[in-house]
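Step one of this worksheet: look at the structure below.
The values are calculated or read from the model by the stated rules, or taken from the named source; none is laboratory data. Computed from a predicted model, the values in this text were never measured in an experiment. We place every Cβ from the backbone using ideal geometry, glycine too, and count neighbours over all the protein chains shown.
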Amino acid sequence: MTICQRCGKRPAQYLRVVSGERLCLRCLFNSVEDKVLKTIRRYRLIKPGDYVAVAISGGKDSLVLLYILGKFLQRNLLKDVKIEAFTINEGHPYSCFYRMSKREYVKELASKFGIEYNVYHFKDIFGVTAIELAESLSKRGHEVHMCTIDGVLRRRAMNIIGRRRGWTKIATAHNLDDEAQTVLMNVLMGNLSRLSWYGLYEDAEEKDLIPRIKPLKYIREEEIAIYAYYHGIPLMELECPYVVTNPRYNLKFTLATLEKEMPSVKYNLVSFGEKLSAILRTSMQQESLRRCRYCGATSARDVCRVCELFEKAGLLEHYLEKTRSLSLQS
Ligand SMILES: [Zn+2]
Ligand SMILES: [Zn+2]
């Protein structure tokens with residue numbers, strides 16, 4: 001029996017491929033939590049006075065993020081910080097919201113740490129669900145990938161809700177694997193502009209809005225899965241059916257193959273992305289921010305992507321009317 005190399009007491013149950021370290025489960029979980037706390041402190045992701053909104057997709061990663069942040073709150077490691085957990089209901093049968101059959105579980109988990117949990121609906125924010133928008137687009141001959149619609153609208157939804165609620169940070173559960181995929185994807189697409197915004201606060205479309213933080217960005221997906229399993233956090237039962245047509249899906253396997261030859265490839269990619277973005281940010285003339293011609297949101301383009309989608313769907317007026325009434329309320 002191999003003994004854990006950290007505590008030297010309990011039997012080792014996990015081999016960390018990158019470092020070759022053998023760990024018992026307790027030391028693995030401690031090291032995961034330590035790494036998250038270090039990431040938060042080192043990059044000043046969360047500061048006293050922050051109101052952090054944790055995006056819950058229903059997947060295990062977001063639940064682990066909520067669990068760990070809740071634990072930090074409880075241990076008073078995040079002083080003077082307020083946290084809200086939230087889910088966005090896109091409104092199609094496979095939206096993250098519906099995949100998340102454990103809604104009651106999330107509510108319970110959040111309340112255990114004294115965290116408020118809310119669900120916000122596309123329909124209330126935009127006047128249409130994602131599926132209604134996709135149908136209108138399709139009728140006019142525009143086939144837009146459901147993940148694109150979800151992604152573009154979700155970003156905007158978070159900023160609209162966040163401004164109303166007073167959020168200062170939005171925490172998402174992107175892990176090391178997700179981040180490595182993002183960097184590789186941008187390299188493969190030759191997207192230097194997106195790479196220049198890569199980093200801890202990046203949001204290529206709406207960069208001056210509520211900062212996004214990714215406290216799990218240096219944690220391997222596999223370690224999150226083990227953490228979830230042993231903490232009674234339910235694994236996601238159903239994978240999004242739209243995922244297979246997403247180009248990222250293949251990258252996942254490509255990276256897994258590369259990792260066998262080069263165990264540190266994911267860290268290398270993320271660190272490459274960070275260094276490159278730092279260089280690009282100082283040397284590149286950043287595209288100056290403009291205001292969307294229609295909705296006034298900040299955008300690198302004349303018409304923001306949200307308005308572009310609604311315009312193509314013939315629903316621009318409908319959408320603008322809806323957001324105008326929303327801003328009157330706030
Ligand atoms: Zn140990
Ligand atoms: Zn717009």
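How many of the residues in the range 105-128 are in a strand (DSSP E or B) and in contact (Cβ under 8 Å) with a residue 40 or more places away in the chain? If you could, list the steps in order and put the result at the bottom.
To start, the set of residues in the range 105-128 that are in a strand (DSSP E or B) comprises 116-121.
Add one more test, that the residue is in contact (Cβ under 8 Å) with a residue 40 or more places away in the chain, and what stays is 117, 120.
Looking only at that region, the number is 2.
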Original post:
Mind checking which residues of the range 8-45 are among the acidic types (Asp, Glu) and either within 16 Å of ligand 2 (Cβ to nearest atom) or touching a Lys or Arg at 6+ places or on another chain (Cβ under 8 Å) (or both)?
Top reply: Glu21, Glu33
Original post:
If Tyr43 satisfies every condition in (1) modelled with pLDDT of 95 or more; (2) over 25 Å from Asp150 (Cβ atoms) but one, which is the exception?
Top reply: (1)
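Got a sec? Which of Leu69, Leu78 is in a helix (DSSP H, G or I) and not small (Gly, Ala, Ser)? Spell out the reasoning first.
Working: Leu78 fails: in a helix (DSSP H, G or I).
Only one candidate qualifies: Leu69.
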**OP:** Please work out which one of (1) under 19 Å from the mean Cα position of the chain (by Cα); (2) touching a residue at least 12 places away in the same chain (Cβ under 8 Å) is the condition Gly151 fails and give its number.
**Re:** (2)
Original post:
Give me the pairs: first residue in the range 17-39 and without any contact (Cβ under 8 Å) to a residue 24 or more places away in the chain, second residue of a type in the set (Ser, Thr, Tyr) and assigned to a helix (DSSP H, G or I), beta-carbon distance under 8 Å, and six or more apart or on different chains, which are they?
Top reply: Leu23/Ser31
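Considering only residues that are in contact with a Gly (Cβ under 8 Å, 6 or more places away or on another chain) and surrounded by 19 or more Cβ atoms within 10 Å (Cβ to Cβ), look in the range 147-176 and name the one that is farthest from Gly296 (Cα to Cα). Show your work before the answer.
At the first step, the residues of the range 147-176 found to be in contact with a Gly (Cβ under 8 Å, 6 or more places away or on another chain) are 168, 170, 173.
Narrowing the set further to residues that are surrounded by 19 or more Cβ atoms within 10 Å (Cβ to Cβ) leaves 170, 173.
Numbers: Ile170: 22, Ala173: 29 Å.
So, considering only residues that are in contact with a Gly (Cβ under 8 Å, 6 or more places away or on another chain) and surrounded by 19 or more Cβ atoms within 10 Å (Cβ to Cβ), the one farthest from Gly296 (Cα to Cα) is Ala173.
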Original post:
For the range 1-21, what are the residues that are surrounded by 13 or more Cβ atoms within 10 Å (Cβ to Cβ), part of a strand (DSSP E or B) and near ligand 1 (Cβ under 9 Å from one of its atoms)?
Top reply: Ile3
